[in-house]
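Student: Can you read through this structure? Questions will come right after.
The values are calculated or read from the model by the stated rules, or taken from the named source; none is laboratory data. As the structure is a prediction and not an experimental result, all values here were calculated from the model. A quick note on method: Cβ atoms are made from the backbone with ideal geometry, for glycine too, and the neighbour counts reach across all protein chains shown.
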Amino acid sequence: MIEVHLDSWLRSFGPPSNESVEADSVAHLLDELERRYPRLRFKLRDETGQLRKYVRVFVDGADISGTTGVATLLSGARSIDILHSIAGG
Amino acid sequence: MAKDSKLRVLVGTRKGTYIVEGDARRKQWKVGPRAHAGSDVYHVVADPRHPGDVYAAVNNTFWGPAIQRSRDWGKTWKEIATPLTPNAKARKAQVAAATESLPKWAINNLWHIEPGHPSESKTLYLGADPHLLFRTTDLGESWEGIESINHHPDKPKWSPGAGGACLHTILLDPRDARRLYVGMSAVGTFRSEDGGATWTPTNKGVETPFLPEKFPETGQCVHDVVADAADPDTFYRQDHGGMYVSHDRMDTWVRIGKPLGDDFGFTVGSPSATPGKAYFVRLDGEARVTGEGHFQVHEWTDKTRKWRKLLSPKAFVGHYGVQREGLATDHMDPPGIYVGTTTGQLFISPDAGKTWKLIPFDFPGIHSVEVANSPRA
């Protein structure tokens with residue numbers, strides 16, 4: 001099981017605390033999160049299935065947002081952090 | 001919700017929605033409910049068929065676009081269904097598996113929400129980027145794409161404007177619910193006589209100074225269009241290429257802005273109490289702010305074909321930007337004129353431009369201004 005941590009903004013759409021999810025890829029992990037918390041749908045990913053520009057996903061502390069993205073495999077992964085990035089002004 | 005006597009100015013800003021409440025005399029104003037803090041709100045509009053209903057096109061930097069609705073004049077809001085790109089199902093309809101066929105591109109921003117014809121009490125239209133038009137017939141429970149626009153055969157040739165590939169203008173003929181008009185940047189205007197099944201480009205006479213061809217059929221960067229309240233065949237248009245009027249359902253356009261010199265701008269309004277008049281905010285075409293060094297609104301009288309400046313140069317000194325949804329008029333007599341600026345000023349004239357007041361509140365940069373609940377709304 002992978003422990004998912006969401007930042008405080010995202011908790012208004014999703015789980016109020018850390019959530020355990022079993023998945024073999026980031027895409028499937030997000031599918032499962034969205035199944036449990038439908039209001040998360042399209043907040044993290046757009047209609048094409050890609051992460052939104054200012055959503056950052058860290059797998060065991062490594063940022064995969066700008067590299068392998070949702071296709072990242074989660075074999076052996078223990079934790080995922082989903083945060084919104086620095087932007088705005 | 002019952003109608004009340006308040007006049008409301010609905011303001012969409014770079015950092016949320018604001019409702020400014022005024023009395024029926026348009027003397028006292030109070031900045032009231034605020035919502036969607038931090039989001040770019042491109043348009044806020046009331047549905048005159050359902051008093052109390054207000055819709056907002058909310059574009060959040062992080063979480064993407066969403067349509068929000070209030071049923072109590074902006075006190076509380078709820079996200080309703082938001083359409084997806086063509087071929088995808090309505091956002092709120094169901095949670096589909098990841099294996100569903102996904103579109104190749106996403107909606108970038110929601111631009112304009114237009115309540116439907118009075119005879120179609122549950123219809124709304126929505127314009128979005130990239131060049132998308134949607135319709136709901138159940139007040140936003142679900143949406144259908146207008147495929148004749150969304151999959152238009154010329155779409156691969158359509159270009160965006162600086163603000164994106166936005167479908168920002170949606171107009172309905174009050175005499176015929178099947179006659180629609182849309183405006184897109186940088187594509188131009190189109191008319192449908194059959195409820196959106198087919199469309200005809202309507203840009204004849206509108207110059208494109210940014211293209212090699214001076215008067216192409218499409219490719220115009222239309223910024224805003226309004227209909228004359230007394231004559232639904234007459235339209236006033238602020239284009240990248242100047243200010244225009246049409247008296248034949250947009251079949252042909254005549255440039256009216258040349259006497260002003262630089263007739264660039266983004267917004268235009270035409271109040272119902274004074275048909276034949278249109279109000280433009282002329283901007284410097286390069287700087288995109290009021291080039292005269294002060295706030296100014298130009299009044300066009302169609303019958304006499306005359307322009308009139310409404311403000312003294314001493315009134316509000318500065319350089320102000322005004323976006324395409326930045327000017328609104330109410331339905332009272334004399335009409336009120338409301339202008340929001342990109343630097344957060346909200347100017348109000350309760351008497352067709354004779355006197356002006358600056359609301360004593362600095363808003364975030366203003367994208368849109370609309371008026372709700374005036375006596376004839």
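Student: Hey, among the residues in the stretch B:345-373 that are among the hydroxyl-bearing types (Ser, Thr, Tyr) and surrounded by fewer than 23 Cβ atoms within 10 Å (Cβ to Cβ), which one's farthest from B:ALA24 (Cα to Cα)?
Tutor: B:THR355
Student: Considering (1) within 12 Å of chain A (Cβ to nearest Cβ); (2) in contact (Cβ under 8 Å) with a residue 40 or more places away in the chain, say which one B:ASN60 fails and leave the rest.
Tutor: Of (1) within 12 Å of chain A (Cβ to nearest Cβ); (2) in contact (Cβ under 8 Å) with a residue 40 or more places away in the chain, only one is false for B:ASN60: (2).
Student: Here's a follow-up. Just checking: which of the strands (runs of 3 or more DSSP E) contained wholly in the stretch B:292-377 hold 3 or more residues that are of a type in the set (D, E, K, R) and either touching a Gly at 6+ places or on another chain (Cβ under 6 Å) or modelled with pLDDT of 95 or more (or both)?
Tutor: By residue number, B:306-309.
Student: State all residues of the stretch B:233-265 that are touching a residue at least 60 places away in the same chain (Cβ under 8 Å) and not in a loop (DSSP other than H, G, I, E, B); if no residue qualifies, say none.
Tutor: B:PHE235, B:TYR236, B:GLN238
Student: Right, another one. Could you run through the stretch A:43-64 and say how many residues are at positive phi and out of contact with any Lys or Arg (no Cβ under 7 Å at 6 or more places or on another chain)?
Tutor: So the answer is 2.
Student: One residue is enough: does the stretch B:86-97 have a residue meeting the conditions modelled with pLDDT of 55 or more, within 12 Å of chain A (Cβ to nearest Cβ), crowded, with 16+ Cβ neighbours inside 10 Å and in contact with a strand residue (DSSP E or B) (Cβ under 7 Å, 6 or more places away or on another chain)? Even if it seems obvious, please write down each step before you answer.
Tutor: Taking the stretch B:86-97 first, the residues modelled with pLDDT of 55 or more are none.
Looking through the stretch B:86-97, none of the residues is modelled with pLDDT of 55 or more, within 12 Å of chain A (Cβ to nearest Cβ), crowded, with 16+ Cβ neighbours inside 10 Å and in contact with a strand residue (DSSP E or B) (Cβ under 7 Å, 6 or more places away or on another chain).
Student: If I ask for residues that are surrounded by fewer than 23 Cβ atoms within 10 Å (Cβ to Cβ) and over 25 Å from A:LEU40 (Cβ atoms), which ones from the stretch B:48-63 would you list?
Tutor: B:PRO48, B:ARG49, B:HIS50, B:PRO51, B:GLY52, B:ASP53, listed by residue number.
Student: What is the residue count in the stretch A:3-18 for residues that are touching a residue at least 40 places away in the same chain (Cβ under 8 Å) and buried (at least 19 other Cβ atoms within 10 Å of the Cβ)?
Tutor: So the answer is 3.
Student: Starting from the stretch B:129-141, take each residue that is without any contact (Cβ under 8 Å) to a residue 40 or more places away in the chain and in a loop (DSSP other than H, G, I, E, B) and list its partners that are crowded, with 21+ Cβ neighbours inside 10 Å and polar (S, T, N, Q), counting only C-beta distances under 9 angstrom and pairs at least six apart or across chains.
Tutor: As it stands, the answer is none, since no pair meets every condition given.
Student: Any residue that is within 14 Å of chain A (Cβ to nearest Cβ) and out of contact with any Cys (no Cβ under 7 Å at 6 or more places or on another chain) - is there at least one of those in the stretch B:181-200?
Tutor: Scanning the stretch B:181-200 turns up no residue that is within 14 Å of chain A (Cβ to nearest Cβ) and out of contact with any Cys (no Cβ under 7 Å at 6 or more places or on another chain).
Student: Can you run down the residue pairs with Cβ atoms below 9 Å, 6 or more apart or on separate chains, where the first is in the stretch A:59-77 and polar (S, T, N, Q) and the partner is part of a helix (DSSP H, G or I)?
Tutor: Hits for this filter: A:THR68/A:VAL26; A:THR72/A:VAL26; A:THR72/A:ALA27.
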